[in-house]
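Working notes for the structure below.
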């Protein structure tokens with residue numbers, strides 16, 4: 001089977017001005033957004049506050065969550081619903097910069113504690129104050145200690161069973177679950193638990209705080225990783241293709257891969273964290289190797305078709321490789337799409353970036369890499385001839 | 001079968017067999033990162049300035065003593081800042097004697113006279129040594145505490161000059177461990193001179209409103225129920241350093257408490273003080289907060305109980321920190337990431353799901369588009385996955401969520417090489433070459449492109465590994481493994497399959 005019955009003959013280079021214009025529009029819009037508008041939002045990894053993921057026993061709405069938070073003066077936090085049944089939420093406290101660096105991580109932690117306490121609600125706090133234990137947050141050892149009184153020999157076993165069940169489901173929503181399959185707890189255990197514990201309204205799934213010092217370090221490391229891998233790729237390309245024009249084209253392609261992807265990303269509410277940096281570099285590597293394959297073809301054809309104009313050779317190369325470009329980007333797109341749909345909330349930003357990047361990579365390979373070589377040859381090589 | 005094909009088959013079987021061996025059983029061989037297993041990642045900073053400060057205080061009081069003993073007079077002795085203290089008002093004729101004494105007692109401090117002022121400065125090298133020691137000791141103490149608390153496979157490492165990374169897999173109660181690590185845990189037993197009083201003013205009424213020179217004020221720990229201020233002696237009778245054994249027990253009312261015994265040296269002092277002060281109160285102070293102040297009822301020599309309305313967990317934790325000893329310097333948390341076990345197992349489930357769907361989608365596409373040759377690519381893809389996991393098992397790499405993303409991405413990229421080759425073979429066939437030579441040219445022509453494309457991605461992955469932290473390192477590792485494995489499967493294995501299954505005089509190729 002083939003996408004194209006015979007090698008297509010699309011004059012890609014005819015559209016070079018349109019392509020450049022489109023790129024320019026996206027990049028300028030992105031830069032304006034980044035520099036003047038809301039722009040790129042740095043995430044927790046780079047020292048900007050605390051990220052808390054919570055799961056509620058019963059469905060709640062974003063506005064209810066916000067109401068609870070505004071009661072403790074944190075209504076301006078970013079609240080996102082995550083996952084199923086309106087029970088999981090991702091809350092990002094906005095950093096309140098304090099005067100000294102020393103206080104900062106502590107203040108983040110205090111903020112995070114405040115978020116958790118406010119979400120627990122008055123009822124749960126009172127129960128805790130009465131000395132009841134929260135079955136949705138209790139750890140194994142404490143639960144074992146508690147169960148010793150009714151089941152001295154079985155206590156550890158039972159505690160493990162209950163905690164494992166909770167781990168699998170995230171939260172225990174009702175007492176009935178304890179006596180049902182798969183737990184099947186005996187009556188005296190459930191009645192002890194009902195007397196001594198309560199089912200907390202919510203549980204904390206994860207909590208991340210990065211202080212300003214580590215945030216600064218991570219920013220530095222991310223920058224280093226970007227700069228060194230870009231240099232690495234450029235050196236490799238320069239060695240591999242001896243012509244300066246190909247090196248220049250590679251730099252150009254690379255720069256616009258980064259710019260376009262980040263421009264589009266800046267228009268979403270998503271944040272920049274370490275996985276995003278990793279994704280960006282992967283996109284660049286992937287797009288560059290697409291470009292290399294095309295350049296390889298051009299040089300091969302230049303050897304056999306010496307009389308032909310460079311522009312025609314380029315068009316031919318692009319067309320010859322078109323099905324390959326579409327298929328490989330297509331398979332990567334399929335895998336990234338599956339990651340985007342099924343991979344879960346934690347990896348969702350990364351998957352989204354890769355989706356943009358995969359599409360953008362095809363565009364930059366087809367429309368943008370060759371024109372640069374062409375311009376270079378027209379402007380610099382012609383001058384040499386005139387001399 | 002041709003002879004060189006037999007050899008190739010043998011290589012493939014050996015490589016795959018080795019990889020299967022390396023990864024089996026996967027539960028033991030593939031370590032899961034904290035983001036998948038659940039756990040806490042902490043970065044903390046040792047406040048090494050504390051160690052310098054303590055040394056300064058010690059040296060200051062030591063020289064005060066030495067000067068007094070040797071009849072060197074001075075008007076004032078004070079600490080200026082950590083690492084610097086001075087004596088003022090030393091008579092000029094005693095300067096020589098003072099110099100001799102200092103030279104005799106310390107090499108770690110520089111000193112200089114200017115007028116009647118003698119200033120001590122801690123040498124850079126000595127300060128550096130103190131800071132370094134503080135970090136090493138803190139690391140050891142934290143390790144002891146965590147070991148005693150009982151965490152499976154903790155990672156406790158030094159990072160840079162004054163940071164310590166602590167990774168605790170499978171922790172369900174991160175706050176408890178965090179507090180356990182952070183407490184300085186300086187335990188002191190001091191005689192009570194007055195108290196309790198509701199505030200400092202009432203407390204000091206009998207002393208003319210001033211704290212006596214040999215005493216200090218401590219506040220009771222609000223967690224222990226009682227509120228109040230106590231005036232206690234400045235010098236501790238015994239401290240945490242004098243403890244010989246510590247264990248959890250109960251007090252006379254069956255409340256959780258901590259039992260301890262003292263070493264001979266401490267016991268001697270304890271006996272002396274308790275014997276002489278029957279009827280008075282003895283304050284038990286932890287990190288400057290009074291825990292309880294029991295009345296001394298009899299002479300006690302080498303054992304005792306610390307009580308103070310503890311919960312069972314608090315008593316357990318107190319045993320842990322007393323056994324592990326005090327921290328030589330304060331610490332501060334710089335980074336904290338906690339992933340609960342249920343989010344971790346969710347991530348594993350979702351990652352697995354995404355991976356399976358991705359593989360399935362790619363397989364369907366390849367068979368649909370390339371027919372039997374697609375089957376060839378799929379075989380290569382599956383072997384590719386086996387090699388990735390084998391390599392991860394061999395390198396003892398940790399699988400993280402971004403790592404899973406790397407593997408899934410690798411599935412998409414792995415078929416890239418096959419696509420390059422197949423498209424090239426198609427072109428050759430279209431030009432009219434015979435099948436066997438088309439396959440041969442397809443492979444040889446596509447090779448340079450495959451090599452280049454894998455290498456550019458590997459370059460960026462290597463730098464990600466170099467500069468990345470935990471999860472990102474995991475991503476870089478799986479990506480590198482999958483790209484290297486790709487060179488073997490797509491080029492070597494695929495070629496073998498074509499050579500083995502396509503007859504030399506074939507007229508058609510299912511591609």
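What the table below lists for this structure:
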quantity	calculated
Breaking point among (1) surrounded by fewer than 22 Cβ atoms within 10 Å (Cβ to Cβ); (2) touching a helix residue (DSSP H, G or I) at 6+ places or on another chain (Cβ under 8 Å); (3) modelled with pLDDT of 80 or more, for residue A:231	(2)
Top-ranked residue of segment A:284-294 - restricted to ones that are within 18 Å of residue A:316 (Cα to Cα) and more than 9 Å from chain B (Cβ to nearest Cβ), ranked as surrounded by the fewest Cβ atoms within 10 Å (Cβ to Cβ)	A:294
Selection within segment A:257-283 - in contact with a helix residue (DSSP H, G or I) (Cβ under 6 Å, 6 or more places away or on another chain) and within 9 Å of chain B (Cβ to nearest Cβ)	A:274, A:275, A:277, A:278, A:279, A:281
Sole residue being in contact with a helix residue (DSSP H, G or I) (Cβ under 8 Å, 6 or more places away or on another chain) and over 24 Å from residue A:205 (Cα atoms), chosen from B:145, B:117, B:99	B:145
Among the candidates B:395, B:389, B:451, B:447, residue that is out of contact with any helix residue (DSSP H, G or I) (no Cβ under 6 Å at 6 or more places or on another chain) and more than 30 Å from residue A:241 (Cα to Cα)	B:395
Odd one out for residue A:253 among (1) away from chain B (no Cβ under 13 Å); (2) more than 25 Å from residue B:402 (Cα to Cα)	(1)
Residue selected from segment A:86-122 under the condition closer than 15 Å to residue A:48 by Cβ and at pLDDT 85 or above, by the criterion nearest to the other protein chains (Cβ to nearest Cβ)	A:90
Segment B:329-359, subset surrounded by 20 or more Cβ atoms within 10 Å (Cβ to Cβ) and without any contact (Cβ under 8 Å) to a residue 12 or more places away in the chain, residue farthest from the other protein chains (Cβ to nearest Cβ)	B:346
Positions within segment B:362-373 being surrounded by fewer than 23 Cβ atoms within 10 Å (Cβ to Cβ) and either at pLDDT 95 or above or more than 9 Å from chain A (Cβ to nearest Cβ) (or both), in sequence order	B:363, B:364, B:367, B:372
Cross-chain or 6+ apart pairs with Cβ under 7 Å, segment B:149-160 first and in the same structural domain as residue B:247 (by TED's automatic domain parsing), then surrounded by 14 or more Cβ atoms within 10 Å (Cβ to Cβ) and at pLDDT 90 or above	none
Inter-residue pairs, beta-carbon under 7 Å, first on the phi > 0 side of the Ramachandran plot and in segment B:207-229, second surrounded by 14 or more Cβ atoms within 10 Å (Cβ to Cβ), 6+ apart	B:225/B:309; B:228/B:195; B:228/B:196; B:228/B:197; B:228/B:220
Restricting segment A:49-75 to residues that are under 15 Å from residue A:88 (Cβ atoms) and part of a loop (DSSP other than H, G, I, E, B), the residue that is farthest from the other protein chains (Cβ to nearest Cβ)	A:61
All positions within segment B:42-74 that are exposed (fewer than 13 other Cβ atoms within 10 Å of the Cβ) and touching a residue at least 24 places away in the same chain (Cβ under 8 Å)	B:62, B:70
Subset of segment A:188-210 [free of Cβ contacts under 8 Å to residues at least 60 places away in the same chain and either surrounded by 19 or more Cβ atoms within 10 Å (Cβ to Cβ) or facing another protein chain (nearest Cβ under 7 Å) (or both)]	A:189, A:193
Long-range neighbours under 6 Å by Cβ, at least six apart or interchain, first residue at the interface with chain B (Cβ under 7 Å from one of its Cβ atoms) within segment A:324-335, second surrounded by fewer than 22 Cβ atoms within 10 Å (Cβ to Cβ)	A:334/B:361
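Residues are listed down the side, and each one gets a yes or a no for (1) assigned to a loop (DSSP other than H, G, I, E, B); (2) closer than 19 Å to residue A:374 by Cα; (3) free of Cβ contacts under 8 Å to residues at least 60 places away in the same chain; (4) out of contact with any strand residue (DSSP E or B) (no Cβ under 8 Å at 6 or more places or on another chain):
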residue: A:261; (1), (2), (3), (4): no, no, no, yes
residue: A:269; (1), (2), (3), (4): yes, no, no, no
residue: A:279; (1), (2), (3), (4): no, no, no, yes
residue: A:282; (1), (2), (3), (4): no, no, no, yes
residue: A:288; (1), (2), (3), (4): no, yes, yes, yes
residue: A:293; (1), (2), (3), (4): no, yes, yes, yes
residue: A:299; (1), (2), (3), (4): no, yes, yes, yes
residue: A:302; (1), (2), (3), (4): no, yes, yes, yes
residue: A:306; (1), (2), (3), (4): yes, yes, yes, yes
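The values are calculated or read from the model by the stated rules, or taken from the named source; none is laboratory data. Please read these numbers as outputs of a predicted model, since none were measured by experiment. No Cβ is skipped: glycine too gets one built from the backbone with ideal geometry, and neighbour counts run over all protein chains shown.
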